[in-house]
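Report on the structure given below.
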Amino acid sequence: MNHITDRTALEHIITNMIDTVTESKEEIVRITESSATEYSLIQNELKELTEKIEFYIAESDRLDLLVKAAKNKLVQVSKKFHIHSEQEIRDAYERANQMQLERFLVQKEEMNAQQRRNDLERRLLVLEDTIERAEKLVSRVSVVLNFLRDDLQQEYSDMMKKQEMAISVFEAAERERRHLAREMHDGPAQSLAHILIRADLIEKTFDKRGKDEAFAELHELKRLIRGALVDVRRLIYDLRPMSLDDLGFLPTLERYLHQTEEYTAIKTRLNYRGNRARLPEKLEINVFRLVQEAVQNAIKHSKTAEIIVNVEQAHDAIHIHVRDHGVGFVPSTIGEESFGIVGMRERIELVNGSITIDSEVCKGTVVRMSIPIA
């Protein structure tokens, strides 16, 4: 009965997680559509501004002729002031001033229209970039959804066929997926909101502080967008590395350690001995997850500057050591709350492997695993 209840709860959680990611995707789509609508409105305003500018230019040219004529008239009246009345001289002077004022006002309107046009064109560039990146983000979130709806559910179905240990492993996996849902909400969704705020700020900054500060804000906007893309790629990779299916365990492990070094600034080193034949499909994901969990534990808890992964693949087994030179701990203090290590032990039992953890305070930790190759 408990098994049925747990299974129903897990199915409900997975469904909720799919709904959450789907809602996130729909929100990104709404942002993209909103940006596209704004883009269209700006294009229409630009068209109207262009027509106004053309009118102002023609009007300015017309007023130029009138100003010249008024000035010539004033010069003639001034030279022959003795044959012109005081009123005629005053009228000529006021006419010249009036024409100059009208020309000035028209030129000012033209300048304001051109400034607005320049601002709108810059805004269009920002919107184009936002729309393009949002569309890419939608594509990447779609990959996540496809995984959740297909691969994850298939893995879930397979694992449900196992007995008590399989259920325990799935509980640990569900904790990871709740963490993923939080990261999806706190990462890419928040980044997109910041991107929109920054885009508006750039326009205001340009108007009030000039192009130098606006360009500085633009660089910050690009940084936010790059960060959002990094978050999405990392989330997708955490769900299931695509390269695992295409290239196998070793290339995927090499790439994972390289990315880990980039993200954490902790040096990683991989030593691989033995044959490089691909592991059986069901074994590859488990072996990779075991190494990944050991590395993540070292990152979170060891305060080490370097992580060394030694892999030796024989024809009948694969042996893995994950070593750090961090703060270490007393192995006997590991309790049920140590989900990372408990999850590793549960997973390695599923593949009939063995694991030992040796650690000493201030001297580091080494995790040793041996997994038979069927």
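The values are calculated or read from the model by the stated rules, or taken from the named source; none is laboratory data. Only a predicted model underlies this, so the values are computations on that prediction, with no experimental measurement involved. Just so you know, the surface numbers come from the protein's heavy atoms only, side chains and all, with ligands and any DNA or RNA stripped out. Shrake-Rupley method; radii C 1.70, N 1.55, O 1.52, S 1.80 Å.
Derived from the Cα gyration tensor, the three semi-axes of the equivalent ellipsoid of the range 1-135 are 71, 11, 8 Å, largest first. Solvent-accessible area of the range 1-126 (1.4 angstrom probe, protein heavy atoms only): carbon and sulfur portion equals 54 percent. Taking all protein chains as shown and a probe of 1.4 angstrom, I355 keeps an accessible surface of around 40 Å².
For the range 18-118, what is the accessible area per residue in Å² when the probe is 1.4 Å? Intermediate results must be reported in sequence, preceding the final value.
Numbers: 6940 Å² over 101 residues.
So the range 18-118 comes to 69 Å² accessible per residue, rounded to a whole number.
Any idea what the alpha-carbon Rg over 2.2 N^0.38 Å comes to for the range 282-355?
In units of the globular-protein estimate, the range 282-355 measures up at 1.13.
The per residue volume of the convex hull around the alpha-carbon atoms of the range 243-299 is 75 Å³. Among the protein heavy atoms, those of R345 account for about 100 Å² of accessible surface (1.4 Å probe, every chain in place).
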